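Worksheet: one structure, shown below.
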Amino acid sequence: MAQPALKLETAQETVERVNAALRQGYRPPGMPGSGPAAIAIAADEWGVNRATMQGRIVAAKTLYGLEPDDTLFRPQRYQQPVPRAVLQDAPPPEPQVVQPSGRAVRVLAIGDLHQDPRHPDRLNVLTWIARYASLHRFDHIVQIGDWSTWDSVNQHDRNDTAGARHKPSIARDMENLKDSLAAWRAGIDPDYKPRQTVVLGNHENRLERFENANPEAYGMFTGERDQAFLQYGWKTRPYGELFYIEGVAFTHHPVNGVGRAFGGETGPQRAASKTTVPMVSGHTHKRQVHDAAKIGPVDVISMVEIGCALPWGTVESYAKHGMTGWWYGVVPMTVQGGVITDLSFVSMLTLEREYADRLAA
């Protein structure tokens, strides 16, 4: 008679080791949150491969009907309220349980740049930011979209209007994009090779909409745009996509149920009520941080709007004379295990003061 693939004693020990980890506050499988899962901890403490541990759990259930009891899980919270029947303080949690899993990744987030051939002064901004990035050596650089304005194909000014006479040609817009990429390269140290990603914005999407309306040009301009980015080391992601780094989403703007951006003064708050992951976005040109407390193993969802990367004080013409609340600069942060652990803001004034001199050097 063939021996079972897993002995009963081994199956019982496997399940009990996972149960012990659950009692200590390590997460059940499939549950989001900080720290390693109970199965991973049990495997490490037993000295077996995690894949082997997972296989033993499957075999224990298949052969003997044994499986870990997820109801044993109790999340650790620092300084929990002490029940009146208990006369001692609650102990602080184990750091390994509550600290985010995964590795810490340092990210530099760059807001809307709105490069435009009619405003060549905006090119300098890219060299300042590149010098700053080279000094601080971020692991990943994310430009949040609207790198260029692409007014050549905007649909707000019909081509039969006086305003349309001021629109640049597609060729001028494309040349300006390449000039801005060259300005970025001029500021990057040759030995610094970070990952660089552009999550395309609604202004880049103007080219997709133009090609859709003019199918004979399909792929012509968007292909040249994306190839230009790639030539300078930038990978592009589609407009509207959530691009993840260590479980934190980066996108031009979060999208509501009817396919539009969450707008208005309460946009981040309303988006936080819908999303299941922390999110970093641009689009509004405003600097906002909203931490939405949650019930469950994920304690908080953070929404960060990173302002814009225009020269300080620049206001686009569509804002007219209304209030803006825009902020100008870049946003360094650290992300780890689905949490934005560190966040700061560096103004365009600081970048110009500290890095513009190098432009002339």
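The values are calculated or read from the model by the stated rules, or taken from the named source; none is laboratory data. A quick note: this is a predicted structure, and the numbers were derived from the prediction, not measured. A quick note on method: Cβ atoms are made from the backbone with ideal geometry, for glycine too, and the neighbour counts reach across all protein chains shown. Keep in mind that these areas ignore ligands, DNA and RNA; they rest on the heavy atoms of the full protein, side chains included. Shrake-Rupley method; radii C 1.70, N 1.55, O 1.52, S 1.80 Å.
Check 263, 313, 257, 337 and return the single one that is within 30 Å of residue 166 (Cα to Cα) and out of contact with any strand residue (DSSP E or B) (no Cβ under 8 Å at 6 or more places or on another chain). Answer to the check: 263.
Is it the case, given these coordinates, that residue 78 is at negative phi, of a type in the set (Ser, Thr, Tyr) and modelled with pLDDT of 75 or more? Spell out how you get there, then give the answer.
Numbers: at negative phi: yes; of a type in the set (Ser, Thr, Tyr): yes; modelled with pLDDT of 75 or more: no.
For residue 78, the condition - at negative phi, of a type in the set (Ser, Thr, Tyr) and modelled with pLDDT of 75 or more - is not met.
For the subset of the stretch 233-268 comprising residues that are aromatic (Phe, Trp, Tyr) and in a loop (DSSP other than H, G, I, E, B), which member is least open to solvent (accessible area, probe 1.4 Å)? Once the filter is applied, the top-ranked residue is 234. When the stretch 210-225 is filtered for residues that are surrounded by 14 or more Cβ atoms within 10 Å (Cβ to Cβ), under 23 Å from residue 253 (Cα atoms) and out of contact with any Leu (no Cβ under 9 Å at 6 or more places or on another chain), the ones remaining, listed by number, are 210, 211.
Quick one: which of 230, 207, 181 is part of a helix (DSSP H, G or I) and either open to solvent by 50 Å² or more (accessible area, probe 1.4 Å) or within 26 Å of residue 289 (Cβ to Cβ) (or both)? Result: 230 is the single residue among 230, 207, 181 that is part of a helix (DSSP H, G or I) and either open to solvent by 50 Å² or more (accessible area, probe 1.4 Å) or within 26 Å of residue 289 (Cβ to Cβ) (or both). For residue 137, state whether it is of a type in the set (Lys, Arg) and within 27 Å of residue 253 (Cα to Cα). It is true that residue 137 is of a type in the set (Lys, Arg) and within 27 Å of residue 253 (Cα to Cα). Filtered by the rule that a residue be basic (Lys, Arg) and over 27 Å from the mean Cα position of the chain (by Cα), the stretch 171-223 gives a lone residue, 172. Pairs are defined by a Cβ separation below 8 Å, a sequence spacing of at least 6 or placement on different chains, a first member in the stretch 123-137 that is buried (at least 19 other Cβ atoms within 10 Å of the Cβ), and a second member that is hydroxyl-bearing (Ser, Thr, Tyr) and not in a helix (DSSP H, G or I); the pairs so defined are 133/192.
For residue 162, the conditions (1) modelled with pLDDT of 95 or more; (2) surrounded by fewer than 17 Cβ atoms within 10 Å (Cβ to Cβ) all hold with the exception of (1). Of 296, 322, 307, 313, all but one fail to be modelled with pLDDT of 90 or more and either surrounded by fewer than 16 Cβ atoms within 10 Å (Cβ to Cβ) or of a type in the set (A, V, I, L, M, F, W, C) (or both); the exception is 313. The numbered conditions (1) out of contact with any Gly (no Cβ under 6 Å at 6 or more places or on another chain); (2) touching a residue at least 40 places away in the same chain (Cβ under 8 Å) are all true for residue 218 except (2).
Each row is one residue, and each column tells you yes or no for (1) among the aliphatic types (A, V, I, L, M); (2) in contact (Cβ under 8 Å) with a residue 12 or more places away in the chain; (3) within 27 Å of residue 263 (Cβ to Cβ); (4) touching a strand residue (DSSP E or B) at 6+ places or on another chain (Cβ under 8 Å).
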{"site": "148", "(1), (2), (3), (4)": "no, yes, yes, yes"}
{"site": "168", "(1), (2), (3), (4)": "no, yes, no, no"}
{"site": "183", "(1), (2), (3), (4)": "yes, yes, no, no"}
{"site": "187", "(1), (2), (3), (4)": "no, yes, no, no"}
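I need a count of the residues in the stretch 184-193 that are open to solvent by 20 Å² or more (accessible area, probe 1.4 Å) and in contact with a Phe, Trp or Tyr (Cβ under 7 Å, 6 or more places away or on another chain).
Residues that pass the stated criteria total 1.
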